[in-house]
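Asks: First the structure, then my questions, so here it is.
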There are 2 protein chains.
Amino acid sequence: MELKNLGEFNFIHSIESDTIYDPNTVVQGIGDDCAVYKVTEGYEQLVSTDTMVEGVHFSFQYMMPYDVGYRLMTANLSDIAAMGGIPRQVVLSVAAPGHIDTRILEEIYRGVKEQCQHYHVNLIGGDTVSIDGPMVWTITIIGEIPQGKAVLRSGAQPGDVVGVTNYIGYAATGLGSLSYNLDGYPMTRIGHQRPEPQIELGITLRELGVHSMNDISDGLSSELNEIAKSSRVSIIIDETLIPLHEETYKLAEALQTNPIDYALLGGEDFQLVFTAPKELSKALENLGSITLIGEVIEGEPVVQSVTKAKEIRLLEAKGYNHFHE
Amino acid sequence: MELKNLGEFNFIHSIESDTIYDPNTVVQGIGDDCAVYKVTEGYEQLVSTDTMVEGVHFSFQYMMPYDVGYRLMTANLSDIAAMGGIPRQVVLSVAAPGHIDTRILEEIYRGVKEQCQHYHVNLIGGDTVSIDGPMVWTITIIGEIPQGKAVLRSGAQPGDVVGVTNYIGYAATGLGSLSYNLDGYPMTRIGHQRPEPQIELGITLRELGVHSMNDISDGLSSELNEIAKSSRVSIIIDETLIPLHEETYKLAEALQTNPIDYALLGGEDFQLVFTAPKELSKALENLGSITLIGEVIEGEPVVQSVTKAKEIRLLEAKGYNHFHE
């Protein structure tokens, strides 16, 4: 059924059920002018908002509607993970054209709710409006962090080691295999379509005492530059240490590209990059899913890397800029 | 300059300054994966999100870009007012086409910030993305309320009086005068272009002990029906008691319409409608800006009104439904 025939109120009613996955914190969910929720004493609050536009941030060419919702929620959860925080509540706004089939919206919501349920996050509010244009989804997420413990970008210190979680360039590999229509990349395709936020690792890293942290939504090169700039330090990494999945090497060989580029420039891994006191190195490596790839030094806020050929190159902040053509 | 030439990062940088109007609550504002803020002990948190789409919720035909931002912020503040809450933090997402003149965006932000400053609300986060379509603005507002004191829609009780704040149908009168290009409606035009949220009255009404409350964003008829339905009570009002501005009477005469219809069906007044124990009647009327217009009775969740001709009619929940054609 088309949204304009079902109507806004009926649609909202249809998605209102099954939205509370941590009832202890909710006083009033969807259905009043505001939602009302409780916070934990001694904790500070985190908030982040992310907007995804059809045709810019997602399309249904390589993703099912369910995946779009799943990944939208992951992107928001990842911002909480990047602070070392605990996700708690979300509100969701959607602008959709009247002619859209409500089954598409329902599938996107199903993906959102799946992730809410997994991470015990409540969907406590939203807005559904009409647009003569592409769909626009905005999620605002609220989380918590013990007082004074938020891990900022600006905390890196000379002498810190630089680490990352799991594989980098993983999602870009999956997307690359899809866009070139190549078979044999099952793991990284899932990584592109249904990435997971690193909530638990983020909390563990914060508890261990890392100094700075970012999630990797715009490629490692861009995220390292953000830490360097915010912390006013220099960062140098060893490219050969960046953890790449075997499918990344395979795709790079098939396409005659540099496998490292998937990690440095490819976005939306939703892994974490952080800097930590050197004495934590052993504890970090014992976590199993952490790889140390470089160090923080005094100097200009730039990022350099040592290549496989032992050359030093400057890594630029080539983040994805939605407006530059 | 066009947004695509200035670039997302530069634009965000340009609007990042002058966003904190209550520094006591902010640990980290714009510029990290999340903002970090403090809450008041013993208070619960409120959250609401509102999306406005160019061509659907606003146009530049009758409003300047500054007014659009001002009113967007008012709509969000009004949701906090409707709970009797105190607004604290907002995050703002904008999807804009690359060809837009950044001066338009800056003016919208100026309107948003003007209202933030007035109500001591911090702008602590956001997202700026590209869209091949109309502008989409989403604000999520976070507020606070003493524990257990949020005024819900569902609290109306038989025997309650029904009251409203200030004038109703005011914004609709201003819009009507603009769309018919009629002179002589200076007050209600301002009411349409730069409406004010009733934050202080909302707090006063909550402290007095009103039972239920809504803000009037979709017309009095719709809002009364929401209270009746949520509270499972019947509401009856006297149309002749609804406070109308003299410009509303004047416009109705000029256009040969029923002046009451501006109040019942016209939206975006951002005034408050509430029900309260009858014994508060005197205290309410002493506030000066309150008019009592009816009462709550037992019965089906419907709203009826007594007309000027002493006839009873059913007021339907004819809220503005964005998707029905």
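Asks: In the stretch A:100-118, which residue that is under 21 Å from B:THR140 (Cβ atoms) and in contact with a helix residue (DSSP H, G or I) (Cβ under 6 Å, 6 or more places away or on another chain) is farthest from the other protein chains (Cβ to nearest Cβ)?
Replies: Selected residue: A:GLY111.
Asks: Then there is this: Go over the candidates A:GLU247, A:GLU253, A:GLU268 one by one and state the one that is in the same structural domain as A:LEU178 (by TED's automatic domain parsing) and without any contact (Cβ under 8 Å) to a residue 24 or more places away in the chain.
Replies: Numbers: A:GLU247 fails: without any contact (Cβ under 8 Å) to a residue 24 or more places away in the chain; A:GLU268 fails: without any contact (Cβ under 8 Å) to a residue 24 or more places away in the chain.
None of the others qualify; the one that does is A:GLU253.
Asks: Could you look through the stretch B:29-43, keep only residues that are facing chain A (nearest Cβ under 9 Å), in contact (Cβ under 8 Å) with a residue 40 or more places away in the chain and not aromatic (Phe, Trp, Tyr), and pick out the one that is nearest to A:ASP215 (Cα to Cα)?
Replies: Of everything passing the filter in the stretch B:29-43, B:CYS34 is nearest to A:ASP215 (Cα to Cα).
Asks: Can you tell me which residue in the stretch A:207-252 is farthest from A:GLY176 (Cα to Cα), limited to those that are of a type in the set (D, E, K, R) and in a strand (DSSP E or B)?
Replies: Taking the candidates together, the pick is A:ASP238.
Asks: Follow-up. Look at A:ILE168 and say whether it is assigned by TED's automatic domain parsing to the domain that holds A:GLN117 and under 30 Å from A:GLU107 (Cα atoms). Quick ask: steps written out before the conclusion?
Replies: Details: assigned by TED's automatic domain parsing to the domain that holds A:GLN117: no; under 30 Å from A:GLU107 (Cα atoms): yes.
Spelling it out, it is not the case that A:ILE168 is assigned by TED's automatic domain parsing to the domain that holds A:GLN117 and under 30 Å from A:GLU107 (Cα atoms).
Asks: Among the residues of the stretch A:156-163, is any part of a helix (DSSP H, G or I) and either surrounded by fewer than 24 Cβ atoms within 10 Å (Cβ to Cβ) or of a type in the set (Ser, Thr, Tyr) (or both)?
Replies: no
Asks: Among (1) touching a residue at least 40 places away in the same chain (Cβ under 8 Å); (2) assigned by TED's automatic domain parsing to the domain that holds B:ASP238, where does B:ILE141 come up short?
Replies: Tallying (1) touching a residue at least 40 places away in the same chain (Cβ under 8 Å); (2) assigned by TED's automatic domain parsing to the domain that holds B:ASP238, B:ILE141 fails exactly one: (2).
Asks: Here's a follow-up. If a residue has to be crowded, with 24+ Cβ neighbours inside 10 Å and in a helix (DSSP H, G or I) to count, how many in the stretch B:75-107 make the cut?
Replies: Going through the stretch B:75-107 one residue at a time, the tally reaches 6.
Asks: Ok, one more. Condition first: closer than 25 Å to B:ASP32 by Cα and either charged (D, E, K, R) or in a loop (DSSP other than H, G, I, E, B) (or both). Now tell me which residues in the stretch A:183-206 satisfy that.
Replies: Listed by number, the residues that qualify are A:ARG194, A:PRO195, A:GLU196, A:PRO197, A:GLN198, A:GLU200, A:ARG206.
Asks: Right, next: Tell me which residues, restricted to the stretch A:124-180, are facing chain B (nearest Cβ under 9 Å) and of a type in the set (Asp, Glu).
Replies: Hits for the stretch A:124-180 are A:ASP127, A:ASP132.
Asks: Which residues, counting only those in the stretch B:177-219, are buried (at least 24 other Cβ atoms within 10 Å of the Cβ), closer than 22 Å to B:TYR262 by Cα and out of contact with any Ser or Thr (no Cβ under 7 Å at 6 or more places or on another chain)?
Replies: Across the stretch B:177-219, the qualifying residues are B:GLY191, B:HIS192, B:MET213, B:ASN214, B:ILE216, B:GLY219.
Asks: Of the conditions (1) out of contact with any helix residue (DSSP H, G or I) (no Cβ under 9 Å at 6 or more places or on another chain); (2) surrounded by fewer than 22 Cβ atoms within 10 Å (Cβ to Cβ), A:SER230 clears all except one; give me its number.
Replies: (1)
Asks: Then there is this: May I ask you to say which residue of A:LEU251, A:LEU205, A:LEU265, A:LEU201 is at pLDDT 95 or above and over 22 Å from A:GLY84 (Cα atoms)?
Replies: A:LEU251
Asks: Another question, then. So in the stretch A:91-130, with the set limited to residues that are under 18 Å from A:MET64 (Cα atoms) and among the small types (Gly, Ala, Ser), which one is farthest from the chain's Cα centre (by Cα)?
Replies: Among them, the one singled out is A:ALA96.
Asks: Now, a different point. Based on this model, can you work out whether B:VAL47 counts as in contact with a Cys (Cβ under 7 Å, 6 or more places away or on another chain), under 30 Å from B:LEU175 (Cα atoms) and crowded, with 16+ Cβ neighbours inside 10 Å?
Replies: Criteria met by B:VAL47.
The values are calculated or read from the model by the stated rules, or taken from the named source; none is laboratory data. The structure presented is a predicted model; accordingly, all values stated were derived computationally and were not measured. Backbone-built Cβ (ideal geometry, glycine too); neighbour counts: all protein chains shown.
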